[in-house]
Amino acid sequence: MAMTLCIRCGKLRILDKTWKEQIGLSLVTYTSTICPDPVCQKAVETILKDRHDVNDARMKASIKRRTENRKRGMEVRRAKNRVDLYLK
């Protein structure tokens, strides 16, 4: 297993738990590591949750923008088709 350092304090992270899951034909092994300092680990979890929330908000905003842009694009195409039919 690769040794990883805590993103906050730089201490060597310790193994929390390991589990295996069968996904399709592959057996995947997951490992969870934590900081040996419980106070630091709590802070790291807060940092990671904040990062996740920001990323989630960005993804939702991106999907909303894409949906609005597609609607606008369809409206423009429909209007153009109406003009083309009128001019013919």
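The values are calculated or read from the model by the stated rules, or taken from the named source; none is laboratory data. Everything numeric in this text was worked out from a predicted model, so none of it was measured. Because the Cβ atoms are built from the backbone with ideal geometry, glycine has one as well, and the counts that use them run over all protein chains shown.
Does THR33 fit the bill of being in contact with an Asp or Glu (Cβ under 9 Å, 6 or more places away or on another chain), assigned to a strand (DSSP E or B) and surrounded by 10 or more Cβ atoms within 10 Å (Cβ to Cβ)? Yes, satisfied. Just one of the listed residues (ARG58, ARG77) is outside any strand (DSSP E or B), at pLDDT below 95 and not hydroxyl-bearing (Ser, Thr, Tyr), namely ARG77. Quick one: ILE23 ticks every box in (1) more than 22 Å from MET3 (Cβ to Cβ); (2) surrounded by 10 or more Cβ atoms within 10 Å (Cβ to Cβ); (3) within 21 Å of the chain's Cα centre (by Cα) bar one, so which box is it? So the condition that ILE23 fails would be (2).
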